[in-house]
Amino acid sequence: MTVGEIAALVGGTVVGDPQTPVAGVSGIREARRGDLTFLADPRYQPFLATTKASAVFVPLTVHEAVAALIQVAEPRTALFTLLKKIQAEQAWRPNGIHPTAIIGQDVTLGNDVVIDAYACIGEGSTIGDGATIHAQVYIGRQCHVGAQTVLCPQVTIRDYVSVGARCILHPGVVLGSDGFGYAELGGVHVKIPQVGTVVLGDDIEVGANSCIDRATLGATVVGDGTKIDNLVQIGHNVQLGRNCILCGNVGIAGSALIHDNVVFGGAASVIGHVEIGAGARMAALSGATKDIKPGQTVSGFPATEVGRFRRKEVALRQLPDALSRIKILEQRLAQLEGNLHGTPKDDS
Amino acid sequence: MTVGEIAALVGGTVVGDPQTPVAGVSGIREARRGDLTFLADPRYQPFLATTKASAVFVPLTVHEAVAALIQVAEPRTALFTLLKKIQAEQAWRPNGIHPTAIIGQDVTLGNDVVIDAYACIGEGSTIGDGATIHAQVYIGRQCHVGAQTVLCPQVTIRDYVSVGARCILHPGVVLGSDGFGYAELGGVHVKIPQVGTVVLGDDIEVGANSCIDRATLGATVVGDGTKIDNLVQIGHNVQLGRNCILCGNVGIAGSALIHDNVVFGGAASVIGHVEIGAGARMAALSGATKDIKPGQTVSGFPATEVGRFRRKEVALRQLPDALSRIKILEQRLAQLEGNLHGTPKDDS
Amino acid sequence: MTVGEIAALVGGTVVGDPQTPVAGVSGIREARRGDLTFLADPRYQPFLATTKASAVFVPLTVHEAVAALIQVAEPRTALFTLLKKIQAEQAWRPNGIHPTAIIGQDVTLGNDVVIDAYACIGEGSTIGDGATIHAQVYIGRQCHVGAQTVLCPQVTIRDYVSVGARCILHPGVVLGSDGFGYAELGGVHVKIPQVGTVVLGDDIEVGANSCIDRATLGATVVGDGTKIDNLVQIGHNVQLGRNCILCGNVGIAGSALIHDNVVFGGAASVIGHVEIGAGARMAALSGATKDIKPGQTVSGFPATEVGRFRRKEVALRQLPDALSRIKILEQRLAQLEGNLHGTPKDDS
């Protein structure tokens, strides 16, 4: 798209070359050439002089930058408007119930439900109004899929699992596979039956190929509004709060208790039975081996409060030098002791 | 479920409120409110006074705890009885061969085999007695699936792969995709044909969306009784022993040799061509860059014997303080040297 | 296979027992019993005396080793010849268009395209000459699949995604799921529409269950010849160069810019918006939190130039000892000060 086309879509005014091509969206600091960005917070105004973005949504009061400008009343709103307009143009939904869909006995379908080719829905499940079941989805028996929820192609939901309203499950998601539990008897791992389930609240998104295991007994729970990225593993009996963010490759081991508004950076891990307080933030690649306090930001493995983690990293960088300094101290001290006593002193 | 219902299922006696609700199962130390736990080992008896569990299976000799009690002859057996009873109530298996299943030429089906909707089985494969092939499974040509083995929906098994008896492969498992092998020729990566296979023994469980690659030549092997959690990656030509445990997100690179009874904590990794001795334990998030001795427990990256790892961690915590102490030592020593010689001494 | 059979396949001469069994292929240093290896570079000749391999492809000039030898004109070529011959024997491709394949309106199919059972192809997509779409694959609307490309069973490609020629996508791969982007409004995460796409170049391989997200706007791009292993996560708007290697469990967060010929060891991670220079190498389990220079090799988390990383590791091993030495220095110095002044000096 060009800056001119984008301005037309959102009703903005171009300052600069309307033919400037735009290929991505990014924050004003991290933007690269070809990106569109936006100035929502006046504190970021200095970045207008340095951004590598090709185009910037700016308030009407801004006239100058190193990139093409699109002047609009509210830059953030303009970006959403743009993306939503494009989304509306692309929007597509399969139609009705495909004749190849296999729908078990006593399945209840709400109004305006779509079920695409080769999807299978087990006995006794209920599908809410306006839900979209894409091709090749598998839904087991006695499941519930909430209103307006979208199951992308090749999602698997096993028996008894419940998914709330307005959720999006991306391709390859698996809900309700068995939890990983064994009892060792004479060197052999005997499977502990996993007879619980998985309950997802409303407005949850689960990324491609992520897995959420069923509980041993009771339910593995994900709270309303929590967003989960791709290739994330949620163990059995985990309780995930509301409005959490889990970036890609995160792993949460069994029975961890995660309160509301927790943010997990990419590949962060939580050991089983650990509790993470509300609003805590785990940096990318961190690993929590014990409880994390509410609001705390942690980094590293074992996960440490981030200030302490950074001091440790700074200290580590000085360590090779410190080792040399210790050696020099020992030599100087030995010499001094020798001078005073005639021979080097031996403390050993 | 309530404590009363559970007691009725296992033939136990309630001490406390039979209306107490139970929603999960956990160990006595890590249990939370709503959990059911059990006292199997008398050494854990002190935890009866502190456990947060709502209910405990206890031997007939125990009468008091901070939770509701269910007195039974053998607590561990009672737990299994409970879970198995619930499992039996939930148990369900598709029926016979679904008309939409596509079964290639010369496929041999044992007695009581179930093949559900839209499953595909390639030419010349054999399916053992009592095996269950769920909906949308793909099995390639010349494969073998052992007796009583369960392939959950959307499992993919590629040509020539062999799976033993009584295995469970959870949704999205991929067996026999190509190993990751290339030869660099003039800056281009030329694919090395991967013409080996994958051989799984008996009583193996593989978690959702885990992958086991075929060997370059020969076979990637998983030994009897080994249990693999979700999102685990096993590279080509890996030899995995018997009764190993691999928690979620583990990665084992190509040609690693893992002996029997090795335990991998979550997200543990093994570099290619490394050997892990029998009974070794790799802590969560550890990464083995060289051979690990039998029975050794390791942690961290690069993986270190756990005692040494802990001493290193303790020492690390003292490092910022140690740096200050070095500085003070230098000042004191310089002053002392100055006092003795009239001017600060310079060793440089 | 036996050494004799292999020699016959490649036209080599056996020195040693032709009945020696061979089960795998490996490098000469890391080979184990049962492996076949090869001597291509004369510098590796000393390993002929120590290799654990059971058989070695050697040039005609080599006559002695601890393993069976297969003399050939060019050892590396012989290995490829062997693997390709076995591959040709195993080679199999489904036939034509399976009657259960669902092909949308205005789909363009090239010559010699194969589409297997229960595959779905959305409206307006184009499939190039000689492409193979295996069973249960899902291709969305307006997609492009290049000539000779192979989509293994249960691959999912969502709308508008483009895949080049001669690519191989292994089972469970997901291309074009939504990028992970939200704007926080009043404590709630509002989804940012992801209206971009994914563009794969030519000669790309993507391992089982790996995921590549669509861009917010524009395209997530993978360059020609790049090879991606299993369970790899590529975030939205990532730009991956040509001929890169990404081993298993790698995670690249959104908008990272990866230049050509970069190598990622297993489970290496890159934080969002970071730039990795051409030819850089990230060791297994490393995590890049800032830009990496072209050609640099980094290790650890946060990723550090490998020489510095090793010095840090060596220093760390000396740390517990260094702490003792500091204590001793303090004692000796205090004693010295006491001797000189009558009482221990206090610096605090």
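The table below gives the values:
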{"item": "Partner chain coverage, peptide B:251-262 - average Cβ within 10 angstrom", "result": "3"}
{"item": "By average C-beta atoms within 10 angstrom, highest first, the peptides C:330-338, B:299-307, C:86-94, B:67-75", "result": "B:67-75, B:299-307, C:330-338, C:86-94"}
{"item": "Two-site FRET efficiency, C:E184 against C:E5, from Cβ-Cβ distance with R₀ of 60 Å, rounded to 0.05", "result": "0.40"}
{"item": "Copy-to-copy label separations for A:Q105, where each label sits 7 Å from Cα toward Cβ, in nm and ascending", "result": "3.9, 3.9"}
{"item": "Mean separation of Cα contacts under 8 Å, 6 or more apart, over the residue count of the range B:170-242: relative contact order %", "result": "33 percent"}
{"item": "Shape metrics for the range B:193-348, restricted to C-alpha atoms - Rg then Dmax, Å", "result": "23.8, 82"}
{"item": "Cα-projected label distance for B:H341 with C:D112, points at 7 Å along beta-carbon direction, nm", "result": "8.5 nm"}
{"item": "Protein accessible surface hidden between C and A, which excludes ligands and nucleic acids, total in Å², probe 1.4 Å", "result": "5700 Å²"}
{"item": "A:Q331 paired with C:R93, simple spin-label distance in nm, labels 7 Å along Cα-to-beta-carbon", "result": "7.2 nm"}
{"item": "Test item: Cα-centred dipole of the range A:106-217, Lys/Arg +1 and Asp/Glu -1 on Cβ, debye", "result": "240 debye"}
{"item": "Percent of C-alpha pairs per 10 Å bin, chain C, short to long", "result": "5, 18, 19, 21, 17, 9, 5, 3, 2, 0, 0"}
{"item": "Computed log₁₀ I(q)/I(0) - Debye formula, equal Cα scatterers, no solvent, the protein assembly as shown, q 0.04 Å⁻¹", "result": "-0.22"}
{"item": "10 Å Cβ neighbours from other chains, averaged over peptide B:310-320", "result": "5"}
{"item": "Relative contact order of chain C, defined on C-alpha pairs under 8 angstrom at six or more residues apart (%)", "result": "6 percent"}
{"item": "Residue among A:V66, A:V206, A:V137 with the largest mean-square fluctuation in a Gaussian network model of chain A, springs linking Cα atoms under 10 Å", "result": "A:V66"}
{"item": "Dipole moment magnitude, nearest 20 debye, the protein assembly as shown about Cα centre, only Lys, Arg, Asp, Glu C-beta charged", "result": "2580 debye"}
{"item": "Relative packing of A:225-231, A:208-214, A:42-48, which averages over residues the other C-beta atoms within 10 Å, highest first", "result": "A:208-214, A:225-231, A:42-48"}
{"item": "Rounded percent of accessible protein surface that carbon and sulfur make up, the range A:76-130, 1.4 Å probe", "result": "47 percent"}
{"item": "Out-of-range pairs (alpha-carbon distance over 28 Å; input B:K290/C:K227; A:K293/C:K312; B:K293/C:K290; A:K312/B:K290; A:K290/C:K312; B:K84/B:K227)", "result": "A:K293/C:K312; B:K293/C:K290"}
{"item": "Selection from A:V221, A:W92, A:V114, by position along the positive dipole direction of chain A (Cβ)", "result": "A:V221"}
{"item": "For the range A:1-61, diffusion coefficient by Stokes-Einstein and Kirkwood Rh (Cα), 37 °C, 0.692 mPa s, µm²/s", "result": "284 µm²/s"}
{"item": "Of all accessible heavy-atom area on the range B:220-283, the percent that carbon and sulfur account for (1.4 Å)", "result": "51 percent"}
{"item": "Per-copy distances of the C:E184 label point, shortest first, in nm (7 angstrom along Cα→Cβ)", "result": "4.2, 4.2"}
{"item": "Debye, to nearest 20: dipole size of the range A:229-320, +1 on Lys, Arg Cβ, -1 on Asp, Glu Cβ", "result": "380 debye"}
{"item": "Inter-chain shielding of A:235-244 (mean C-beta neighbours from other protein chains, 10 Å cut-off)", "result": "3"}
{"item": "Across the identical copies, how the C:I328 labels are spaced - nm, sorted shortest first, 7 Å along Cα→Cβ", "result": "2.0, 2.0"}
{"item": "At least 40 Å² accessible surface lost relative to isolated chain, residues of the range A:168-189 (1.4 Å probe)", "result": "A:H170, A:P171, A:F180, A:Y182, A:H189"}
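The values are calculated or read from the model by the stated rules, or taken from the named source; none is laboratory data. These numbers come from a predicted model, not from an experiment. Backbone-built Cβ (ideal geometry, glycine too); neighbour counts: all protein chains shown. Ligands, DNA and RNA are stripped out before the accessible areas are found, and what is left, the full protein with its side chains, is counted by its heavy atoms. Shrake-Rupley method; radii C 1.70, N 1.55, O 1.52, S 1.80 Å.
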